[in-house]
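Student: The structure follows.
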Amino acid sequence: MEIITLSDQTLSPAALFAVAAAIGKNKVVALPTDTVYGLAAAADSPRAIKRIFALKKRPEHKPLPVLVNSLAMAKTVGHINAANERLLQSFWPAPISVILFKRDATLSELTAGGSTVMVRWPNDPLLHKVITAVGKPITGTSANISGEDSFVDGALLIERFAREKLQPDIVVCATTEQRQNTPSTIIDLTGARPKILRVGMTDRETLSTLLSLAGQ
């Protein structure tokens, strides 16, 4: 388990290259996200996805969310119609995940064999740089053992996985923790109108708009 410490809360060019290269080689990286620490791996790698399930001890019937850095990248993973595109343009990037019908090329290992996929464009400079360097969608599941609490403290994450046989290949550790142990809001966009499934880290104005659109 290699540890990379953020300098001034940013990745150096060399560290960014190392993280992107690791993900490109089907490895798993634990890093801060816009919500809690997450496990990042190539979303198009069955090997990497299998490794995440093993690391988290996650039941295989639970799908993994995907992180992107643009609407264009989101469209490579799921189907987005014109109405939903306008909606997404109104609040993305943000800690808001949406459920879309998956594209045929999206791995069934990622979606647990289902027809939908959860996608988020996070409003986070670090993640944006990582996804851009990787050049394709990455996984964004929380970096914890299934059933245990998520992490906002990188040191505690390292301590926990040090006791496990399977560990992330790299841990990107922030020295100053400014994240909240609050998950993303989840909106289902597969129906006739948006449906809010979970309210998470969302500001009141955005939430009010979403509730109005969803008729809730």
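The values are calculated or read from the model by the stated rules, or taken from the named source; none is laboratory data. Remember, it's a predicted structure, so these values are computed and weren't measured experimentally. Glycine gets a Cβ as well: all are built from the backbone with ideal geometry, and neighbour counts include every protein chain shown.
Student: Suppose the filter is part of a loop (DSSP other than H, G, I, E, B) and touching a Gly at 6+ places or on another chain (Cβ under 7 Å); does P63 pass it?
Tutor: When the stated conditions are applied, P63 passes them.
Student: Search the stretch 72-118 for residues being touching a Phe, Trp or Tyr at 6+ places or on another chain (Cβ under 7 Å) and in a strand (DSSP E or B), and hand back the single one that is surrounded by the fewest Cβ atoms within 10 Å (Cβ to Cβ). Write out each step before concluding.
Tutor: Here is the first cut: in the stretch 72-118, the residues touching a Phe, Trp or Tyr at 6+ places or on another chain (Cβ under 7 Å) are 74, 78-79, 92-93, 115-116.
Next cut, in a strand (DSSP E or B) only: 78, 116.
Working: G78: 24, T116: 19.
Among those residues, the one meeting the criterion is T116.
Student: Still on this model: Among the candidates I187, I196, which residue alone is modelled with pLDDT of 70 or more, over 17 Å from the mean Cα position of the chain (by Cα), surrounded by 14 or more Cβ atoms within 10 Å (Cβ to Cβ) and outside any loop (DSSP other than H, G, I, E, B)?
Tutor: Residue meeting the stated conditions: I196.
Student: With the structure loaded, tell me whether G147 is at pLDDT below 95 and either under 22 Å from E60 (Cβ atoms) or under 17 Å from the mean Cα position of the chain (by Cα) (or both) or whether it fails that test.
Tutor: Considered against the rule, which asks whether it is at pLDDT below 95 and either under 22 Å from E60 (Cβ atoms) or under 17 Å from the mean Cα position of the chain (by Cα) (or both), G147 comes out as yes.
Student: When the residues of the stretch 12-32 are filtered to those that are in contact with an Asp or Glu (Cβ under 6 Å, 6 or more places away or on another chain) and part of a loop (DSSP other than H, G, I, E, B), which remaining residue is surrounded by the most Cβ atoms within 10 Å (Cβ to Cβ)?
Tutor: The extreme case among them is V28.
Student: When the stretch 35-45 is examined, which residues are found to be modelled with pLDDT of 95 or more and not in a strand (DSSP E or B)?
Tutor: A41, A43, D44, S45
Student: Scan the stretch 35-54 and tell me whether some residue there is crowded, with 22+ Cβ neighbours inside 10 Å and among the polar types (S, T, N, Q).
Tutor: yes
Student: Scan the stretch 130-142 for residues that are modelled with pLDDT under 95 and either closer than 22 Å to A14 by Cα or in contact with a Ser or Thr (Cβ under 8 Å, 6 or more places away or on another chain) (or both) and jot them down.
Tutor: Within the stretch 130-142, G140, S142 meet the criteria.
Student: Using the structure shown, decide if V152 is touching a strand residue (DSSP E or B) at 6+ places or on another chain (Cβ under 8 Å), part of a loop (DSSP other than H, G, I, E, B) and among the aliphatic types (A, V, I, L, M).
Tutor: Criteria met by V152.
Student: G154 - would you say it is buried (at least 20 other Cβ atoms within 10 Å of the Cβ) and small (G, A, S)?
Tutor: yes
Student: May I pose another question? Just checking, does the stretch 32-41 include any residue being among the aliphatic types (A, V, I, L, M), over 19 Å from S150 (Cβ atoms) and touching a residue at least 24 places away in the same chain (Cβ under 8 Å)?
Tutor: Scanning the stretch 32-41, I find no residue that is among the aliphatic types (A, V, I, L, M), over 19 Å from S150 (Cβ atoms) and touching a residue at least 24 places away in the same chain (Cβ under 8 Å), so the answer is no.
Student: Another question, then. What's the total number of residues in the stretch 54-77 that are within 17 Å of the chain's Cα centre (by Cα), closer than 22 Å to T35 by Cα and of a type outside the set (S, T, N, Q)?
Tutor: Total satisfying the criteria: 14.
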